[in-house]
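Undergrad: One structure follows; several queries about it will come next.
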Amino acid sequence: MSGPTAWPAWQQLQRLAQASPPPLGPLLHDPSRSPLIWRAAGVALHAGHQPITAAVLAALHGLAEQAQVLPQARAMAQGAMVNPTEGRPALHVALRTPGLSQPPWGHEVEQAVQQARQAFLHTAQTVRQGQWLGANGQPVQAVVSLGIGGSDLGPRMACAALAPNPNNEPTLRFVSTPDTWAMQRALHGLPPARTLFVVQSKSFTTPETLWLLHAARQWLRQHGLAEAAHAPHLVAVTANPQGAAYAGFAASHIHTFAPWVGGRYSVWSAVGLPLAMAIGAPAFEDFLAGARAMDEHFWQADPAHNLPLTLALLSVWNRNFLGSPSHVVACYDSRLRHLPAYLQQLEMESNGKRVHRNGSPVQIDTAPTVWGGLGVDGQHAYFQLLHQGTHRVPVDLVAVQTDPHATPEEQQQARFMQQQVAAQARALALGRDTAQTQAWLENQGLDRAAATALAPHRSYVGNVPSNQLWLDALTPFHLGALLAAYEHKVFCQAMLWDIHPFDQWGVELGKTLAQTPTA
């Protein structure tokens with residue numbers, strides 16, 4: 001044996017899993033069981049509906065120690081070469097600092113981060129204050145973000161969460177796919193002379209984004225703006241400023257970020273420009289501060305109290321030892337509707353790997369399939385599979401605490417959503433066996449024969465694990481903290497599986513083939 005399966009804690013967890021961990025029903029009713037709640041930076045993880053005992057938790061902590069998870073996380077934060085297949089560090093955490101006098105990644109990186117942030121936040125404020133003028137001298141009032149993957153999912157998700165009012169100015173729209181209908185829908189009703197395109201591409205060679213740029217230029221021309229007048233309507237965000245300049249962008253309209261910023265970790269960089277335009281520079285800095293607070297918790301908290309590490313350990317327990325091939329993210333606030341897609345990329349692009357860090361084939365399962373959507377909508381759709389299907393699918397139930405300053409009606413609606421979270425967690429965990437179902441049906445007035453026939457169809461196995469992730473409020477700070485927690489979770493998973501989480505070579509093959517002429 002080699003790799004994680006050789007670690008004593010991995011073998012101990014296998015023995016605990018093979019011994020049939022107690023079903024969730026007895027665990028939930030055990031008065032001596034600890035509440036299993038972790039808190040950090042305004043985020044609370046309630047894991048009482050997970051099939052873990054004190055022995056399992058101890059073995060999971062042993063696994064984290066043997067994998068050297070936290071020491072490797074601190075090494076990443078200090079600029080270690082944690083992305084060797086691409087020959088660079090992964091320093092997205094450096095994007096979240098307010099400015100450090102003694103940065104662990106060095107003054108050169110820190111200075112570049114601060115200069116880049118100052119520049120794109122200045123652009124954001126200029127647009128918000130009506131001072132960014134189009135070619136005809138009119139202030140920009142609409143922004144269209146063009147990008148795909150990490151250049152789209154992060155800002156799109158965060159804007160929906162933090163700037164949900166469609167009447168806000170500037171009007172903000174996103175296009176990620178070179179689909180005629182997508183572009184037409186995004187541009188419908190917008191005044192060309194007052195529209196700004198933010199073109200997001202790390203390499204500035206992404207075919208989809210270049211197609212969208214071509215379509216944007218064509219739209220401007222069709223509405224009377226000659227090529228020479230396009231500059232005020234185009235801003236680039238890229239790690240390749242030379243490529244953007246070659247494409248015709250004015251130097252002052254090019255915002256950069258470092259090559260060590262992975263796309264799925266880039267919302268903290270200039271890629272967050274649309275978000276900064278939507279919520280303003282001070283709120284964007286709060287977004288960074290929330291992430292930074294979670295970073296500090298992750299680096300400093302001991303394993304027993306470490307929220308991101310616990311998320312990863314629970315995931316590995318369910319994935320590798322209890323045989324769950326997929327994972328659902330169900331959000332109980334419509335403003336978080338794009339969070340599942342964002343997390344899908346974060347986890348599956350990072351950890352969808354089949355070789356260990358030394359290049360040997362993995363003999364264990366790595367990233368689960370991540371999917372989901374809005375929780376209440378899901379209750380009327382895919383929750384059927386969660387409750388009665390043949391798949392055992394762990395669930396993250398993501399919700400927001402009631403705002404004490406909300407109107408009475410809003411508070412009532414929030415309480416309804418919270419009741420749904422509690423009810424689903426309990427129903428998934430406990431289920432209802434055939435005997436209980438038959439008794440319930442008879443109590444509803446069915447005769448014994450009808451109840452007996454119907455009971456198998458109305459019974460639920462239960463024993464489906466879930467986390468509840470509660471935000472104290474849905475603010476820039478709290479969203480930043482939540483996203484950072486998931487980022488660190490993914491890193492911890494990778495260390496526990498002994499895989500590289502920062503490259504994504506699987507994404508490249510299709511791109512290469514698409515550029516190769518076929519006979």
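Undergrad: Just to be sure before I move on: is Val421 in contact with a strand residue (DSSP E or B) (Cβ under 7 Å, 6 or more places away or on another chain), over 30 Å from Gly280 (Cα atoms), part of a loop (DSSP other than H, G, I, E, B) and in contact (Cβ under 8 Å) with a residue 60 or more places away in the chain in the structure I sent?
TA: Criteria not met by Val421.
Undergrad: Go through (1) open to solvent by 20 Å² or more (accessible area, probe 1.4 Å); (2) in contact with an Asp or Glu (Cβ under 8 Å, 6 or more places away or on another chain) for Gln102 and report which single condition fails.
TA: It is condition (2) that Gln102 fails.
Undergrad: Here are Ala367, Ala330, Ala406, Ala399: which of them is free of Cβ contacts under 8 Å to residues at least 40 places away in the same chain, open to solvent by less than 60 Å² (accessible area, probe 1.4 Å) and not in a helix (DSSP H, G or I)?
TA: Selected residue: Ala406, the only one of Ala367, Ala330, Ala406, Ala399 that is free of Cβ contacts under 8 Å to residues at least 40 places away in the same chain, open to solvent by less than 60 Å² (accessible area, probe 1.4 Å) and not in a helix (DSSP H, G or I).
Undergrad: Starting from the range 166-184, take each residue that is more than 14 Å from His214 (Cβ to Cβ) and list its partners that are among the polar types (S, T, N, Q) and in a loop (DSSP other than H, G, I, E, B), counting only C-beta distances under 7 angstrom and pairs at least six apart or across chains.
TA: Filtered contacts from the range 166-184: Glu169/Gln141; Pro170/Gln141; Thr171/Gln141.
Undergrad: Which residue out of Ala9, Ala58, Ala44 is in a helix (DSSP H, G or I), at pLDDT 95 or above, open to solvent by less than 20 Å² (accessible area, probe 1.4 Å) and not acidic (Asp, Glu)?
TA: Ala9
Undergrad: Going through the range 289-327 one residue at a time, which ones are open to solvent by 10 Å² or more (accessible area, probe 1.4 Å), farther than 21 Å from Ile364 by Cα and either of a type outside the set (Phe, Trp, Tyr) or not in a helix (DSSP H, G or I) (or both)?
TA: Ala289, Arg292, Ala293, Glu296, His297, Gln300, Ala301, Asp302, Pro303, Ala304, His305
Undergrad: Please return the ranges of helices (runs of 4 or more DSSP H) entirely within the range 437-519 where 2 or more residues are in contact (Cβ under 8 Å) with a residue 40 or more places away in the chain.
TA: Those helices (runs of 4 or more DSSP H) span 476-497, 505-514.
Undergrad: Tally time: how many residues in the range 243-288 are in a helix (DSSP H, G or I), more than 18 Å from Gln125 (Cβ to Cβ) and within 17 Å of the chain's Cα centre (by Cα)?
TA: Selection size over the range 243-288: 3.
The values are calculated or read from the model by the stated rules, or taken from the named source; none is laboratory data. In this text, all values refer to a predicted model and were calculated from it rather than measured experimentally. Reconstructed Cβ throughout: ideal geometry from the backbone, glycine too, with neighbour counts over all protein chains shown. Surface accessibility is based on the protein's heavy atoms, side chains included, excluding ligands, DNA and RNA. Shrake-Rupley method; radii C 1.70, N 1.55, O 1.52, S 1.80 Å.
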